[in-house]
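Have a look at the structure below, then the notes.
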Amino acid sequence: MPLTLHIDQARWREHLRSTWNESIVPVAKGNGYGVGNARLLAEAAALGAKTVAVGTYEEVPSDPQAEVVVLTPWRPFVRTQVGPNVIHTVSRLADLVSIPARSRVVVEVQTSMRRHGIGARELRHSMLMSSLDRVRFEGWSLHFPMGAGGYAANIREAAELGRQANAVRKGPLWVSHVPATKLGDIGENVRLRMGTGLWLGDRGALTVRATVLDVHSVRRGERVGYRQRRVAGDGHILVVSGGTAHGVGMEAPTAAATVRQRTIALAKGGLDAAGMALSPFTIDGKQRWFAEPPHMQASMLYLPSSVTPPHIGDEVGVDVRFTTTLFDQIVMD
Ligand SMILES: *Cc1c(COP(=O)(O)O)cnc(C)c1O
C-alpha cells in the first residue's frame, strides 16, 4: 500500500535530453531528488555524461563508469579510499597541503554563499601555488546562491572570481546555479553542476500518489487518533499511506496559508481546529486537513461530510518536496 512516484518516462527523458549539453555535470546526491541516485546515474550515463557529481564520499558508486566529483570538501578526517575516477573538492589551503599527493582536485573558491571555499585574497598565497603542483589540478569550483532576484549577480561574481582564479592557474570553472545559456558570459571552459533543474525541471513528468488504506465515518466531537483529538465536524477519517518515515508532513506549512486556514476552521466551529495543520494530500481537488500529526508510515486525514470519501485502495494526490521524500516505489509509466 505504497506512496508511489509515477514517472512519465517519455516526458521525463525528453526533458533530460532537451536540457542536456556537454557542459552539464549531473548531480546525484542525497535521496537522489526522490528518484534515487542509482537511477539518476544510469540516466546520466544514457545522456552521455562523462562526469557526474555526488554529495559525499559515501555516495561514490563502487565501480564508477564516469568521473565522479565529490561536492563535500575533502577534510583530513576523510577515511575513504577512492579510485582514480574520483575528483576531490578542496576548500582550504591546509587541506591542499595535506591531501595525498597526486589526488585529482578541484579547488573551491568562496563566493557570496559563504559556505566553503578559499577566500579570493588567499588565491595569491604562495603556498597555494606550490601546493597545486602536488596534486592533479582539475579546475576551480564556485557555488552560488539560488538567484532569487535573478542570476545576473551570480554571473558577474563568477566571471570576476573566475578571472582571479585563472590568473593563478588556468583550469575549468565548475559552477552551480547559473543558467546553462549564460556560461559563455562567465568565461571559457565553464562546467555547470545541475541537479534540480535537470531531474525535477519538468514537474509535470512526475506524479506522486498515496493509497487510501482505510475510511471511517465520524460524528462531530468524536475522538480519534493517538492524540484522541475531537473531530471538527461530521464526515470521514481517511487513513492514507505516507508518514514521517516518507518525509510527509516534515515541512512546516506556509505561514500565510496556515493562519488563514486555521481562522476558517475556527470559524466553522472546529473543536481542536486551532491545532490542526493542512496536509499535502489532495482529495476532490482540495488539500485536506490532518486529523492529527502524521504517523510513521500513514497519515489520518479529516474529510468533511460534504465530500464523498474515496474507496479503500483508491489513490489520491500528494504534494511533496522531492528532496526530502522517500517513496515506497517508483513506477515508470
Ligand atoms: C547540490 C549541489 C548542486 C546541485 O544543486 P541543484 O540546486 O539541485 O541544481 C550544485 N553544486 C553544489 C556544490 C551542490 O552542493
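What follows is calculated from the coordinates using simple rules that are stated; it is not laboratory data. Computed from a predicted model, the values in this text were never measured in an experiment. Here the Cβ is made from the backbone with ideal geometry for all residues, glycine too, and neighbour counts use every protein chain on show.
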- line: If every Lys and Arg gets +1 and every Asp and Glu gets -1 at its Cβ, then about the Cα centre the stretch 118-166 yields a dipole, in debye to the nearest 20, of 80
query: For a label point 7 angstrom out from the Cα of residue 314 toward its Cβ, which stretches of the stretch 286-300 have the backbone nitrogen within less than 18 Å?
result: 286-291, 299-300
query: Name the GluC sites (Glu not before Pro) in the stretch 154-202 that are in a loop by DSSP and that have at most 15 other C-beta atoms within 10 Å, would you?
result: 188
field: Principal-axis tilt of helix 37-47 within the chain, Cα atoms, nearest 10 degrees
entry: 60
statement: In the stretch 82-150, the trypsin sites (Lys or Arg not before Pro) that sit in a DSSP loop and have at most 15 other Cβ atoms within 10 Å of their own Cβ are 102, 114, 115
message: Using the Cα centre of the chain as the reference point, and only Cβ charges (+1 on K/R, -1 on D/E), how large is the resulting charge dipole? Debye, rounded to the nearest 20.
response: 920
statement: FRET efficiency for residue 217 and residue 286 from the Cβ-Cβ distance with R0 = 22 Å, rounded to 0.05, comes out at 0.70
Dipole of the chain [Lys/Arg +1, Asp/Glu -1 at C-beta], most positive-end residue of 320, 24, 184: 184
query: Of the beta bridges DSSP finds with both residues in the stretch 121-247, what % are antiparallel, to the nearest 5?
result: 55
task: Would you calculate, for the chain, the mean residue ellipticity at 222 nm contributed by helices, counting each DSSP H stretch of 4 or more residues as -39,500 (n - 2.57) and dividing by all residues, to the nearest 500?
output: -6000 deg cm²/dmol
- prompt: Which Cα, out of 287, 175, 60, lies furthest along the positive dipole direction of the chain (beta carbon charges, K/R +1, D/E -1)?
  reply: 175
task: Quickly work out the residue 39-to-residue 189 label distance, labels modelled 7 Å from Cα along the C-beta direction, and quote it in nm with one decimal.
output: 3.7
- prompt: Percent antiparallel among DSSP beta bridges with both residues in the chain, to the nearest 5?
  reply: 50
Nearest-ten-degree value, helix 255-267 long axis tilted from longest Cα axis of the chain: 0
- prompt: What length, rounded to one decimal in nm, is gained on full extension from residue 227 through to residue 203, with 0.36 nm per residue of separation minus their alpha-carbon distance?
  reply: 5.1 nm
- prompt: So how much slack lies between residue 152 and residue 75, counting 0.36 nm per residue of separation and subtracting their Cα-Cα distance, in nm?
  reply: 24.5 nm
statement: Given backbone amide H placed at 1.01 Å from N, residues whose amide H is under 5 Å from that of residue 279, ignoring those fewer than 5 places away on the same chain, are 288, 289, 290
- prompt: Comparing 203, 321, 227, which has the greatest mean-square fluctuation in the GNM of the chain with Cα pairs linked when under 10 Å apart?
  reply: 227
field: Efficiency of FRET between residue 63 and residue 234 - r from beta-carbon atoms, R0 51 angstrom, step 0.05
entry: 0.30
field: Nearest-ten-degree value, helix 9-19 long axis tilted from longest Cα axis of the chain
entry: 30
- request: Normalising by the residue count of the chain, find the relative contact order in percent from Cα pairs under 8 Å and 6+ residues apart.
  value: 20
query: How high is the FRET efficiency between residue 181 and residue 245 when r is their beta carbon distance and R₀ equals 41 Å, given to the nearest 0.05?
result: 0.55
field: Spin-label model distance (nm) - residue 129 vs residue 18, 7 Å beyond Cα toward Cβ
entry: 5.0
query: What is the distance, in nm, between label points placed 7 Å from the Cα along the Cα-to-Cβ direction at residue 120 and at residue 305?
result: 6.7
